[in-house]
């Protein structure tokens, strides 16, 4: 059976008449705005933020279009990737009826958002090498499976999924396949954005939070067919990205060279930090990483985590996650922060 977006879309979403904001009801330029009941006198903070932001984020999407090499009609901006996740569930999954597949260990919001939307979650546990179990995936999918979530590079494991395995899922599943590429800038792996024309069921997510260093702005990106982007735009709140976030994101997009320099530095520090971890007593394994963090299997992981907290250093204890037992997930910090971490771990092992 071929992919059929219309059949996949929930009836109420297909019939939904989206909210029409004041700024949707005219085209062109204007000098006087008396249409949206804003405070025309400004605000105590600045005269600029008394107006509603562009509900379609046109300037950012045009700039991203040039950077990503894809038309702006294929780009959606969400209030963080978490909004993109939620909207995909609301567009395609009937509460109490449909199900979704995740591949743990993976990003936790897929399951949380599914539970919020009353969508059953099926789990295809990754293999020991943190790659997809394609047989398990195929066996789990049924007529009510609407979305499969693939995180590559994966969080918390840090590895990229094999491209041929992802293509196998895309070619053999008639629902939506979401590839979360939040960490793609730190990997040698090629993004799936350029493959959208080949896969009408593909949604690629990226974010301003990681390589772009703008986690505080909460701006996520989704790339998909024009039809899927139209559905997401129909369901989203009218002004989901604030004016301040739009302005700062647009300024960041003018600094691609600086961002690339930061990526190279972070990757270099990731590799150097990995080498240091491998030489430590008590470290059993340092997993290969294509992200800006490292997963480390370590003896007495929970005790080490507590010791680091006492030193004022917070890492992520993943010991209770299946396949990540006795593991700490450690973000690559600044050179000074990395040195503090290494010194603290040395103190633990020489105490």
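Could you tell me which residue of the stretch 123-133 is farthest from residue 90 (Cα to Cα), considering only residues that are buried (at least 17 other Cβ atoms within 10 Å of the Cβ) and either in contact with a helix residue (DSSP H, G or I) (Cβ under 6 Å, 6 or more places away or on another chain) or free of Cβ contacts under 8 Å to residues at least 24 places away in the same chain (or both)?
Ranking the qualifying residues of the stretch 123-133, first place goes to 132.
Looking at (1) part of a loop (DSSP other than H, G, I, E, B); (2) more than 25 Å from residue 187 (Cβ to Cβ); (3) out of contact with any strand residue (DSSP E or B) (no Cβ under 7 Å at 6 or more places or on another chain), find the lone condition where residue 319 falls short.
(3)
Would you pick out the residues in the stretch 310-343 that are surrounded by fewer than 14 Cβ atoms within 10 Å (Cβ to Cβ) and either assigned by TED's automatic domain parsing to the domain that holds residue 106 or under 29 Å from residue 264 (Cα atoms) (or both)?
Filtering the stretch 310-343 for residues surrounded by fewer than 14 Cβ atoms within 10 Å (Cβ to Cβ) gives 310, 312, 314, 320, 322, 325, 334-337, 339, 343.
Within the stretch 310-343, 312, 314, 334, 335, 336, 337, 339, 343 qualify.
Determine if the stretch 239-261 includes at least one residue that is assigned by TED's automatic domain parsing to the domain that holds residue 59, closer than 19 Å to residue 215 by Cβ, in a loop (DSSP other than H, G, I, E, B) and in contact with a strand residue (DSSP E or B) (Cβ under 9 Å, 6 or more places away or on another chain).
yes
Residue by residue through the stretch 262-308, note down the ones that are assigned to a strand (DSSP E or B) and in contact (Cβ under 8 Å) with a residue 60 or more places away in the chain. Even if it seems obvious, please write down each step before you answer.
Our first condition is that a residue be assigned to a strand (DSSP E or B); within the stretch 262-308, this holds for 283-286, 293-298.
293, 294, 295, listed by residue number.
Consider the stretch 170-189. How many of its residues are farther than 17 Å from residue 113 by Cβ and surrounded by 22 or more Cβ atoms within 10 Å (Cβ to Cβ)? Step through it out loud before you land on a result.
Here is the first cut: in the stretch 170-189, the residues farther than 17 Å from residue 113 by Cβ are 170-174, 181, 183-189.
Remaining after also requiring surrounded by 22 or more Cβ atoms within 10 Å (Cβ to Cβ): 181, 183-186.
Adding up the residues that qualify gives 5.
Can you say whether residue 94 is more than 26 Å from residue 160 (Cα to Cα) and surrounded by fewer than 20 Cβ atoms within 10 Å (Cβ to Cβ), as far as the supplied structure shows? Before you say what the answer is, go through the steps one by one.
Details: more than 26 Å from residue 160 (Cα to Cα): yes; surrounded by fewer than 20 Cβ atoms within 10 Å (Cβ to Cβ): yes.
The answer is yes for residue 94.
Scanning for something in the same structural domain as residue 173 (by TED's automatic domain parsing), in contact (Cβ under 8 Å) with a residue 40 or more places away in the chain, assigned to a helix (DSSP H, G or I) and closer than 30 Å to residue 95 by Cα, does the stretch 12-20 turn up at least one residue?
yes
For the stretch 88-122, enumerate the residues that are out of contact with any helix residue (DSSP H, G or I) (no Cβ under 8 Å at 6 or more places or on another chain) and part of a strand (DSSP E or B).
99
Considering only the stretch 159-173, I want to know if a residue exists there that is within 30 Å of residue 128 (Cα to Cα), outside any strand (DSSP E or B), at pLDDT below 95 and not assigned by TED's automatic domain parsing to the domain that holds residue 333.
Residues of the stretch 159-173 that are within 30 Å of residue 128 (Cα to Cα), as a first pass: 159-173.
Now restrict to residues that are outside any strand (DSSP E or B): 159-173.
With the extra rule that they be at pLDDT below 95, the set shrinks to none.
No, there is no match, as no residue in the stretch 159-173 is within 30 Å of residue 128 (Cα to Cα), outside any strand (DSSP E or B), at pLDDT below 95 and not assigned by TED's automatic domain parsing to the domain that holds residue 333.
Being modelled with pLDDT of 95 or more, under 28 Å from residue 111 (Cβ atoms) and more than 22 Å from the chain's Cα centre (by Cα): is that true of residue 306 here? Outline the logic, then answer.
Working: modelled with pLDDT of 95 or more: yes; under 28 Å from residue 111 (Cβ atoms): yes; more than 22 Å from the chain's Cα centre (by Cα): yes.
It is true that residue 306 is modelled with pLDDT of 95 or more, under 28 Å from residue 111 (Cβ atoms) and more than 22 Å from the chain's Cα centre (by Cα).
Specify the residue that is modelled with the lowest pLDDT; the eligible residues are those in the stretch 184-238 that are assigned to a loop (DSSP other than H, G, I, E, B) and farther than 24 Å from residue 161 by Cβ. So that I can check it myself, show each step before the final result.
Initial filter on the stretch 184-238 (assigned to a loop (DSSP other than H, G, I, E, B)): 187-192, 199-201, 208-214, 218-219, 224-225, 236-238.
Restricting the remaining residues to those that are farther than 24 Å from residue 161 by Cβ gives 213-214, 218-219, 236-238.
Numbers: 213: 94, 214: 95, 218: 96, 219: 97, 236: 97, 237: 94, 238: 91.
Within the stretch 184-238, the match that is modelled with the lowest pLDDT is 238.
Please work out which one of (1) in contact with a strand residue (DSSP E or B) (Cβ under 9 Å, 6 or more places away or on another chain); (2) surrounded by fewer than 17 Cβ atoms within 10 Å (Cβ to Cβ) is the condition residue 161 fails and give its number.
Among (1) in contact with a strand residue (DSSP E or B) (Cβ under 9 Å, 6 or more places away or on another chain); (2) surrounded by fewer than 17 Cβ atoms within 10 Å (Cβ to Cβ), residue 161 violates only (2).
When you check residue 231 against the structure, is it touching a helix residue (DSSP H, G or I) at 6+ places or on another chain (Cβ under 7 Å) and either more than 21 Å from residue 13 (Cα to Cα) or assigned by TED's automatic domain parsing to the domain that holds residue 293 (or both), yes or no?
Numbers: touching a helix residue (DSSP H, G or I) at 6+ places or on another chain (Cβ under 7 Å): yes; either more than 21 Å from residue 13 (Cα to Cα) or assigned by TED's automatic domain parsing to the domain that holds residue 293 (or both): no.
No.
The values are calculated or read from the model by the stated rules, or taken from the named source; none is laboratory data. Predicted model, so just to flag it, every value in this text is computed and none were measured. Positions of Cβ are generated from backbone atoms using ideal geometry, with glycine treated the same way; all protein chains shown enter the neighbour counts.
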